[in-house]
Number of protein chains: 2
Amino acid sequence: MLNPADGAFLDHLAGLLQDGVLRPIAPRYLEEPRGRYRGQAAAVACPADADTVAVILRACADARVGVVPYGGGTGLVGGQVAPDGPMPLLLSLERMTALRAVYPSENVLIAEAGVVLADVQAAAEGVERLFPLSLASEGSARIGGLLGANAGGTAVLRYGNARDLCLGLEAVFPDGSIWHGAKRLRKDNTGYDLRHLLIGSEGTLGVITAASLRLYPRPARNGAALMVVNTPADALALLAVAQAQVAEGLSGFELISGMGLRFLREKLPDLRQPFSTPPDWMVLVDLGLPTALDPASALEAIFEAGLDAGLVSDGVIAQSDSQRADFWNLRETIPEANRLTGAIVSHDIALPLSVVPEFLEQADAAIARLGPFRVNCFGHLGDGNLHYNIFPPAGHERATYDSRRAEIQGRVHDLTHAMGGSVSAEHGIGRFKAADLVRYGDPAKLAAMRGIKAALDPVGIMNPGAVLGQSAG
Amino acid sequence: MLNPADGAFLDHLAGLLQDGVLRPIAPRYLEEPRGRYRGQAAAVACPADADTVAVILRACADARVGVVPYGGGTGLVGGQVAPDGPMPLLLSLERMTALRAVYPSENVLIAEAGVVLADVQAAAEGVERLFPLSLASEGSARIGGLLGANAGGTAVLRYGNARDLCLGLEAVFPDGSIWHGAKRLRKDNTGYDLRHLLIGSEGTLGVITAASLRLYPRPARNGAALMVVNTPADALALLAVAQAQVAEGLSGFELISGMGLRFLREKLPDLRQPFSTPPDWMVLVDLGLPTALDPASALEAIFEAGLDAGLVSDGVIAQSDSQRADFWNLRETIPEANRLTGAIVSHDIALPLSVVPEFLEQADAAIARLGPFRVNCFGHLGDGNLHYNIFPPAGHERATYDSRRAEIQGRVHDLTHAMGGSVSAEHGIGRFKAADLVRYGDPAKLAAMRGIKAALDPVGIMNPGAVLGQSAG
């Protein structure tokens, strides 16, 4: 059992640390971003280096006090907000914001865990490189949290998930030992890949303090188009057409539904939409090409091939960078329109690509049987990653349907699991999905995870309650 | 301590298995590919499915008998050949050769662990896709071993290491539990990434029985050129030129030294070489481009830009697929010329890209101080991965210098480590480099590895002596 971080412990810890590291907890650290609950923490520790992180973890392990690592606070599954259990210490990486080094010729950048994603993107751009990780919260999400959760986003199709953009880590284990592994190597087969074990472990195995990140050349020419398709199946067929046309030049392939466009029109009427009548489905096709290729021509070729195959019925190709930005803004404002509309429940699921159309048919039918709910399905179709979100009937409040949340989510997750999918594509398990992990997880995998957790964190201080639930430790 | 696989154990195990699974050991299983030593094993088990693998592992764990997993037998660090310790059982995946399914529209293929790499490549080609993993032993190396060792090869620059080409695994843990994780998902954040933990663990944590593999569209048009450069630094500058020109279209960037070309001329005089006088350094530049781009024009542009910048002095662009194959054949025959010449010691190292030139200067000087040795340095320059191999003076036998091997290797590895490099880039640790792992490994990482090993394989049956040496178990 863990002990609460009581006054005596905080006094002891303060004595081990420089002034200003241990701070009173501020309310913002305890907010769950979707407002589902309030968290608790005795204080927040804000170390400025890995050595101090080590001191803190060692003290917590000695005293059996839980530690909740905190990045930008943007996680959507409650991983950074502990609602109950013995009072923990919050450990915020907000002061570790150094860009330690940039190696443009190697396409490598070394960032501390507290650097905000947008700052990494800007630093890369400053040396004419691209750090491709891109998602709605990039203005506040921090590198440590993004890696801890293995964030996804809109560029995974081309560049992979957060884990694929990391060459090495510096991290502190629960015993206070520091792993100096932020190397700049493309190949390194010296033992078990702890990097990938820590990435996606959501702060339950240690604290990431710095990362060696992969940069890419910036595509010389970018382009984007919105194309109207009849069905998700046609959208997938168009994906294959686009890949055949430009291969890795396809940077993004996002699905947008008519429901999402209607929400936007209703809640954000000033946002210009390209089609006067919202189509049932459309895709945002984004290209990044070398100098010798013209994005507009490539998009026209994709559109023409889609027309010939009966896949697309209408479309608009961005005529400028600013119009391309407008298309992306439309896509990225959908979550805000969702928020203003008020979802009963959101789902972050992944499916084998070819299964997506059948999933949508079955899921829509299953939801319809539960009541006259509205579904806004959008997401990263190129990755098989859907945000399948359920809203109350028009004119009704979400609060009316809170009691239905578990039932609706159960139907969607059961179906996802039955069709070979994942109930957490890019958001992680956190605390919201710890029960799902037990319900849908492979028993051999779960047993191995528990063994690893017990081996690396025998007292169970790291992010107690997250991922593996309350059993560990 | 482990027990030997004695007659009583083999009788007991045979009783648990179908006829034909347990077989007498054949000499070929005990050969270390470079002839460094002979292995030992009491028998070889050849299961045809994961359930049988589970029965075998459970029996071995109960009896405390070691298990050496065996794929194609091509590993170069002794991981598949146990020379000493209590007599183990060999577990060969050679009967698990099913291609369970191919999903061309998803760019996914599911292969059992015993499928030979060339057969996966061919299956992908059969559906107009590419499985990019490519290396000299592709005609005999098997998928399970390639993933167990996280193989590299010539396409890493564009497509990543073996681990980057794997979406999911089916594997058997040492307790006989089966993890059914060969999923077809691009995003799956449900718990710790056991896939990446098993990949590269060289059979010390469990047995991979099947894998879900990533396919890619085949580049529509390929091209290759050999370009003469003055120095490795110029080669690196040319790499940047090529990436600026074609971005991800650059599929390979291989460094070849004049020493390698002279070895080829001496040992394999029938092999045609493109330059009458072997240049000190040249690079093989390989492109795979979409339909709209012409490889020959792109290679000319790279060559012209290289000329203008004073980086290249001569070059030849392949005029046909067959000439491109000749260029690759030249590159891929270097290891055979090395074998015929007889290396005192080979190194498989990786360095931060920008450090490569300084490393070569310092390493060459350090070797020269040890004696009039010949160095053939070649490899995957785009990945910072060098095969830095040391040969006796002309006219001398390698055997004369066997006693110098440890000293030479120590100099090269010390320097590699001091410059932030890895002493195993793509071959793994196996048994040859277990001492190097302790010598150069990060202590916190090593402790975490030992903890994970003890958690997943408490008896220490899996590939005893490999990676972590004899201490585990």
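Every read-out reported here was derived from the displayed coordinates using simple, explicitly stated rules and does not represent laboratory data. Predicted, not measured: the structure shown is a model, and the values here were computed from it. Note that each Cβ is placed from the backbone with ideal geometry, even for glycine, and that neighbours are counted across all protein chains shown.
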From the phi angles alone, apply the Karplus equation (6.51, -1.76, 1.60; θ = phi - 60°) to the stretch A:82-92 and give each ³J(HN,Hα) in whole Hz, x where the residue is Gly or Pro. 9, x, 8, x, x, 3, x, 9, 8, 10, 9
Suppose you put the label 7 Å out from Cα in the Cβ direction; list, shortest first and in nm with one decimal, how far A:GLY395 is from each other copy's label. 10.2
Give me a comma-separated list of calculated 3J(HN,Hα) values for the stretch B:102-115, in order, Karplus coefficients 6.51, -1.76, 1.60 applied at θ = phi - 60°, integers in Hz, x for any Gly or Pro. 10, 10, x, 5, 9, 6, 9, 9, 10, 10, 6, 5, x, 5
How far is A:GLY20 from the same spot in each other copy, in nm, shortest first, if each label point sits 7 Å from Cα toward Cβ? 7.4
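Checking the table A:LYS445/B:LYS433; A:LYS433/B:LYS445; A:LYS433/A:LYS453 against a 23 Å threshold on Cα-Cα, which pairs fail? Could the numbers behind the result be given before it?
Working: A:LYS445/B:LYS433 29 Å; A:LYS433/B:LYS445 29 Å; A:LYS433/A:LYS453 18 Å.
Check vs 23 Å cut-off fails for A:LYS445/B:LYS433; A:LYS433/B:LYS445.
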Need one number: the % of Cα-Cα pairs in the stretch A:1-155 sitting beyond the 27 Å mark. 28 percent
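How do B:SER134, A:SER92, A:SER297 line up, fewest other C-beta atoms within 10 Å first?
Details: B:SER134 21, A:SER92 26, A:SER297 13.
Neighbour counts put them in this order, fewest first: A:SER297, B:SER134, A:SER92.
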Could you work out the relative contact order of the stretch A:221-418, using alpha carbon pairs under 8 angstrom and six or more residues apart, expressed as a whole percent? 28 percent
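Only four residue types carry charge here, +1 at the Cβ of Lys and Arg and -1 at the Cβ of Asp and Glu. Report the dipole size of the stretch A:221-418 about the Cα centre in Debye, rounded to the nearest 20. Working shown, then result.
Numbers: 14 positive and 25 negative charges, 138 e Å.
That gives a dipole near 660 debye.
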When the scattering of the stretch A:221-418 is computed by the Debye formula from its Cα atoms alone, each counted once and equally, what is log10 I(q)/I(0) at q = 0.08, 0.13 Å⁻¹? -0.27, -0.69
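Treating only the Cβ of Lys, Arg, Asp and Glu as charged (+1, +1, -1, -1), what charge dipole size does the stretch B:78-212 show about its Cα centre? Round to the nearest 20 debye.
Values: 11 positive and 14 negative charges, 69 e Å.
That gives a dipole near 340 debye.
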What does the average come to when, for each residue of peptide A:436-446, you count the partner chain Cβ atoms lying within 10 Å of its Cβ? 5
Phi to ³J(HN,Hα) by Karplus 6.51 cos²θ - 1.76 cosθ + 1.60 over the stretch B:253-270, Hz, x for Gly, Pro: 8, 10, 8, 10, 9, x, 4, x, 5, 5, 4, 4, 4, 6, 8, 10, x, 6
Between A:ARG374 and residues 5 or more places away or on another chain, which pairs have amide H atoms under 5 Å apart, with H built 1.01 Å from N, and which residues are they? A:PHE391
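Given the -39500 (n - 2.57) contribution per DSSP H run of 4+ residues, what per-residue ellipticity at 222 nm results for chain B, rounded to the nearest 500 deg cm²/dmol? Write down the numbers at each step before the final one.
Details: 14 runs with 159 residues, N = 473.
Helix contribution divided over all residues of chain B: -10500 deg cm²/dmol.
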Once the label point is placed 7 Å from Cα along Cβ, list for A:SER140 the distances to the corresponding points in the other copies, in nm, shortest first. 5.9
Given the candidates A:ALA220, A:GLY39, A:MET259, the one whose Cα lies deepest towards the positive end of the charge dipole of the protein assembly as shown, counting +1 at each Lys or Arg C-beta and -1 at each Asp or Glu C-beta, is A:GLY39
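With 17 Å as the cut-off, how large is the P(r) tail for the stretch A:99-217, expressed as percent of Cα-Cα pairs? Don't skip to the answer; put the middle values down first.
Details: 3550 of 7021 pairs.
For the stretch A:99-217, the share of Cα pairs beyond 17 Å comes to 51 percent.
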Principal axis dimensions, the stretch B:7-94 - Cα atoms, whole angstrom, descending: 36, 24, 19
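What order do you get for B:ARG272, B:ARG34 when you list them from fewest to most C-beta neighbours inside 10 Å?
Working: B:ARG272 8, B:ARG34 13.
With the fewest neighbours first, B:ARG272, B:ARG34 line up as B:ARG272, B:ARG34.
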Projected onto the charge dipole of chain A (unit charges on the beta-carbon of Lys, Arg, Asp and Glu, signs +1, +1, -1, -1), the Cα from A:LEU91, A:GLN243, A:GLY342 with the largest positive-side position is that of A:LEU91
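If you rank B:ASP280, B:ASP11 by fewest surrounding Cβ atoms within 10 Å, what's the result?
On the way: B:ASP280 13, B:ASP11 10.
Lowest to highest Cβ neighbour count: B:ASP11, B:ASP280.
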For A:ASN222, distant residues with modelled amide H under 5 Å away: A:LEU289
Compute, for the protein assembly as shown, the length of the dipole vector about the Cα centre, with Cβ point charges of +1 (Lys, Arg) and -1 (Asp, Glu) only. Units Debye, rounded to 20. 1500 debye
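Give me the Kirkwood hydrodynamic radius of chain B in Å, from all C-alpha pairs, to one decimal place? Numbers along the way, then the final one.
Numbers: mean 1/r = 0.0428 Å⁻¹.
About 23.4 Å, per the Kirkwood formula over Cα pairs.
I need to check one value: relative contact order of chain A, counting alpha carbon pairs closer than 8 Å and at least 6 residues apart, in percent.
Working: 983 pairs, mean separation 75.4, N = 473.
Dividing the mean separation by the residue count of chain A yields 16 percent.
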Whole-Å semi-axes of the ellipsoid equivalent to the protein assembly as shown (Cα gyration tensor, √5λ, descending): 43, 35, 28
